[in-house]
Amino acid sequence: MGDRAVISNKSKKIGVYLHWYGYREFVESVLAYCDVKKYRSPDVDDEYGWARLCQVAGNTIGGNLSVGVGIFNRMDTDNWDNGTYIIKDWDIVDRLFTHSKDEKMKDTMFENLKYINNKQPKDEQLKEEELEAFAKLWEIRHLDRLNDERKVEVEKIIKEEIEKQKNNQEKEQTKKEDIINVEEQEEIKGVVEEFDLDVQKPTENDLKEKNKEYEVIDKKGDDSFAR
């Protein structure tokens, strides 16, 4: 006996057998770790996809009888433990032969990823900041998998993030309006300056020229009366 499970994809050609740690939270966390490591999934690459999954699971579980690989239709898929997980792009999309209630996650994804990360070779481990950022996004996408307490916390994070984005959008809109106002003020200033140039007071030379014109007109006027 053990805590058995089989992992396959929709093609159901190859399966990965777990003799221990076959419960869903562990399988999900191993898949998530492969995702954060940006490994090619079995849907994209049969050879390397399954190999990386076995590598991460084997490093984490240890031993020499814990992980196996086989042809799907020859495997103990209805094992009366955890059944069979169908995955796509490092995510569980279906569950076959489930004979008991599927429990919610007990720990946070971040804690699970840290545990798996510490079991990998030192030179292949990721920084905790990367794990934390990925775990945050994973939990937001998988609210249905979280226990009630964690779900409330994540929903609060989502609400705060939405509010933050809303405030940023409002600030951006205000900034745009301020830019428009400045442009309008500059345009108005230019119009006023042009108007001031058109109606500016005559200079002293202008007045002298005008006086000369008036003297010529007056002289002409006197001559006309003389006639």
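The values are calculated or read from the model by the stated rules, or taken from the named source; none is laboratory data. Treat the numbers as computed from the prediction; the structure is a model and nothing was measured. As a convention, Cβ positions derive from the backbone with ideal geometry for all residues, glycine included, and neighbour counts pool all protein chains shown.
Things to note:
- Qualifying residue in region 110-119 (condition: closer than 25 Å to HIS142 by Cα, out of contact with any His (no Cβ under 7 Å at 6 or more places or on another chain), among the aromatic types (Phe, Trp, Tyr) and part of a strand (DSSP E or B)): no
- Within region 6-20, one or more residues are among the small types (Gly, Ala, Ser) and surrounded by 14 or more Cβ atoms within 10 Å (Cβ to Cβ).
- Taken over region 34-69, the residue count meeting the criterion of being in a helix (DSSP H, G or I) and either of a type in the set (S, T, N, Q) or free of Cβ contacts under 8 Å to residues at least 12 places away in the same chain (or both) is 8.
- Among the residues of region 1-33, those identified as part of a strand (DSSP E or B) and not hydroxyl-bearing (Ser, Thr, Tyr) are ALA5, VAL6, ILE7, ASN9, ILE14, GLY15, VAL16, LEU18.
- Residues of region 51-88 that are touching a helix residue (DSSP H, G or I) at 6+ places or on another chain (Cβ under 9 Å) and of a type in the set (Lys, Arg): ARG52 alone.
- Among the conditions (1) under 25 Å from LEU143 (Cα atoms); (2) surrounded by fewer than 19 Cβ atoms within 10 Å (Cβ to Cβ); (3) polar (S, T, N, Q), the only one that SER29 does not satisfy is (2).
- For region 54-67, taking the residues that are surrounded by 14 or more Cβ atoms within 10 Å (Cβ to Cβ) and of a type outside the set (Val, Ile, Thr), the one that is modelled with the lowest pLDDT is identified as SER66.
- Here is the figure for region 139-184: residues that are in contact with a helix residue (DSSP H, G or I) (Cβ under 7 Å, 6 or more places away or on another chain) and not in a helix (DSSP H, G or I) total 1.
- Figure legend. Inter-residue proximity from region 113-135: first residues over 14 Å from ILE61 (Cα atoms) and of a type outside the set (Gly, Ala, Ser), second residues outside any helix (DSSP H, G or I) and at pLDDT 95 or above, beta-carbon distance below 8 Å, spacing 6+ or different chains. Indicated pairs: LEU126/LYS37.
- When region 70-92 is limited to residues that are within 36 Å of the chain's Cα centre (by Cα) and free of Cβ contacts under 8 Å to residues at least 60 places away in the same chain, the one that is surrounded by the fewest Cβ atoms within 10 Å (Cβ to Cβ) turns out to be ASP89.
- Scanning region 139-148 for residues that are in contact with a Lys or Arg (Cβ under 9 Å, 6 or more places away or on another chain) and under 19 Å from TRP90 (Cα atoms) yields GLU139, LEU143, ASP144, ARG145, LEU146.
- Selection of region 32-53 for residues being surrounded by 19 or more Cβ atoms within 10 Å (Cβ to Cβ) and more than 23 Å from the chain's Cα centre (by Cα) yields PRO42, GLY49, TRP50, ARG52, LEU53.
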